[in-house]
Structure formats: structure tokens, C-alpha cells
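Every number here is computed from the coordinates shown, using simple stated rules; none is lab data. Note that the structure is predicted; figures quoted are calculated from it, not measured. Methodologically, a virtual Cβ is constructed for each residue, glycine included, from the backbone with ideal geometry; neighbour enumeration extends over all protein chains shown.
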Amino acid sequence: MQQSQGQATFPGGGEPASTPGIFAPGILSDGLSNIDFTISPDGDEIFLTLQQPRFWSSTILHLVKRDGQWSQPEVAPFSGRYRDLETTFSPDGKSIYFSSDRPVQGDKPKDFDIWKVRRKADGNWGEPENLGPDVNSDKDEFYPAVAKNGDLYFTTEAAYGKGSEDIVVCKWTNGRYAKPEDLPENVNTKFDEFNAFVDPDERFIIFSCYGRPDDLGRGDLYISHKDANGNWVPAKHLPAPVNSPSLDYCPYVTSGGKYLVFTSNRPAAAFTNGEAKTYPQLLQMLTQPGNGNDDLYWVKFDEEWLK
């Protein structure tokens, strides 16, 4: 999530506007349920998740850029058997982190844990490693984010939390993770906070929350930054049309704070314009982005959000 992509272009080309639009339609957003996004530091590798409705399945997809051309999405080499999702690169590009319900031992899936995959000397990815009890618990852990100093942020259902889901950090200290710490009340509240993108220098955090008074619908994006003393300031609601009456989540900011990529299941305007549709028109609308499944959106990052 926190990487430098240089001058690399994205699948589908172009760049976003100041209002959100579908990201790479027909490639990364195809009318199925496409969620979360990360790109490697050199801008040549992308991961995202393809989910089945009701979370029956969840599979991480992988694209590689070779000779200036992006490959078609394929199942990531470490995914496809269990429910896997929410991959992110470490800032140096040598590791990826993700959430999975794969078993630690035996064949029986467990709750969702944070896992890590290291890049091998040949450039391929190795076998996933569970981050162990310092990070993972008997509750679910989701949506990892890694800072340059090694600190690991993620979502969990913690008994010590302020709500049923909170954002926590495991600080990287003396070569190991410290126990999770709940982020303060300027981020976490009695409502559900989840799925946080953390700037690699930990200057700001963007996350989703469901249930706050200014929530436009089923969950919105919020942003907080650190003050001069290193404390998180009260989180601010991102304005419409970034947020919508639908669920808006899985935020990701590209290198240099240029673009915000996020997931939303907002419907296309054609569904809500009050006009009658023919059967062929409905079929077309229901088999492309904007049909109510999750899609990836992108928009120019506005520095005003940090003020």
C-alpha cells in the first residue's frame, strides 16, 4: 500500500478526475465483486481480490507488467484454496501481507489471520507465513498496512477495543512485533472502524467507519493526520462524492499521495434515473461495473483533506 510506482501507468491507462470514477473498467473492475488494491514499489505488480457474493469465496488476483504491458488477472500463486483477501506490499516491495482463514496446522480453516509472503531470490513468491500470536488472536484480523519502520496496522475484534471492530497497531521493536495497541479515540470510537490505509511515514490514516452520525449510508471513509506532537487529530469525514449512500471502504493511496483508490458498491446512475429499461439494457447493466457488486474507484487525492 505504501509504495513508489515511479512513472508506471495503471491497467486501462489514463488518470482519475477530481470526482470518483471506475478504476480500469473491464480489467480491475469487471462487474464481479472486485475489492482492495495494492501495487509494487516499482509499479510492475498488482494484487486485488475477487469475491463471491456472501463471502462464500475470496481469491487474490495478480497482474504483472512486462515490456510496458499489463497481463490479464490470474489467481495469485499463494491463493485459490481458502478465503484470502486484502493484500498489501511492504514499503520495500520484498514482502506482501494479507488476511486469510487458511489453517495454521492441519486442513481445517480457522478465523482470519494476518499472513506474510516473502519474495524469493528468483523474483517469485514463497510460501505464506502466519505472523503468529504476537499479532493474531482467536478473533479475526483483517486489512494489514505496513509502515516504513515496520509497524503493522490492521483491523481486529478486540475485547479491549472501543467498538466491535477497531484499528490497532503492532509496533516493530527489537526484531519482533509488540502486542497490538488500540488507536486512540480520535480514530477509534464506539462505532465500527475498519480497513485502514496508513501512509508509509505514518503522517495520515484513511479508514472506514459504519454508524457515525455523518455516515451517508452503509459505511464511509474518514481521514486523520498527526499533529506536530505526533498525535492523531480527530478524524474527518471525506466529502461526497467520494463517500456515498453505499458502502465505501478499502482505501489505498498511491505513491506521493497522487490518487485515492477505494472500493464501493454504489450503483451506476442508469439504475436510479427513473427511466424504463428494456430486457437487453438490463442484461448489459447487470453484467458490468456499477451493478451493485463491489467495484474499484479512483479519484485525485485532495491535500485539503489533510487540513
Query raised in the report: Can you run phi through the Karplus equation (6.51, -1.76, 1.60; θ = phi - 60°) for the stretch 66-82 and list ³J(HN,Hα) in whole Hz, with x for Gly and Pro?
Result: 10, 6, x, 10, 7, 6, 6, x, 9, 5, 4, x, 9, 10, x, 9, 10
Query raised in the report: When the convex hull of the C-alpha atoms of the chain is computed, what volume per residue in Å³ does it have?
Result: 144 Å³
Query raised in the report: Normalised by the residues of the stretch 176-291, what does the relative contact order come to in percent, with Cα pairs under 8 Å and at least six apart?
Result: 19 percent
Report summary line: So, over other residues within a Cβ distance under 12 Å of Lys300, counting Lys, Arg +1 and Asp, Glu -1, the net charge is -3
Requested in this report: Please list, or write none, the lysines whose alpha carbon is within less than 19 Å of the alpha carbon of Lys162, excluding same-chain residues fewer than 8 places away.
Outcome: Lys139, Lys179, Lys190, Lys236
Requested in this report: Quick one: give the max-minus-min coordinate of the C-alpha atoms of the stretch 107-164 along each principal axis, largest first, in Å.
Outcome: 44, 34, 16
Query raised in the report: What are the extents of the Cα atoms of the stretch 149-201 along their three principal axes, listed from largest to smallest and rounded to whole Å?
Result: 33, 23, 15
Requested in this report: Starting with the fewest neighbours, write out Tyr249, Tyr143 ranked by other beta-carbon atoms found within 10 Å of each beta-carbon.
Outcome: Tyr249, Tyr143
Query raised in the report: Over the stretch 28-89, what per residue volume does the convex hull of the Cα atoms give, in whole Å³?
Result: 77 Å³
Requested in this report: Indicate the gyration tensor shape class of the stretch 3-129 (rounded, prolate or oblate), computed on the Cα atoms with a ≥ b ≥ c the square roots of the eigenvalues: a/c under 1.5 is rounded; otherwise a/b larger than b/c is prolate and the rest oblate.
Outcome: oblate
Query raised in the report: What relative contact order, as a whole-number percentage, does the chain give when Cα pairs under 8 Å and 6 or more residues apart are counted?
Result: 18 percent
Query raised in the report: What does the helix-only formula give at 222 nm for the chain: each DSSP H stretch with n ≥ 4 adding -39500 (n - 2.57), the total divided by the residues, and the result rounded to the nearest 500 deg cm²/dmol?
Result: -500 deg cm²/dmol
Report summary line: Given unit charges at Cβ for Lys, Arg (+) and Asp, Glu (-), the dipole magnitude of the stretch 6-145 about its Cα centre in debye, nearest 20, is 200 debye
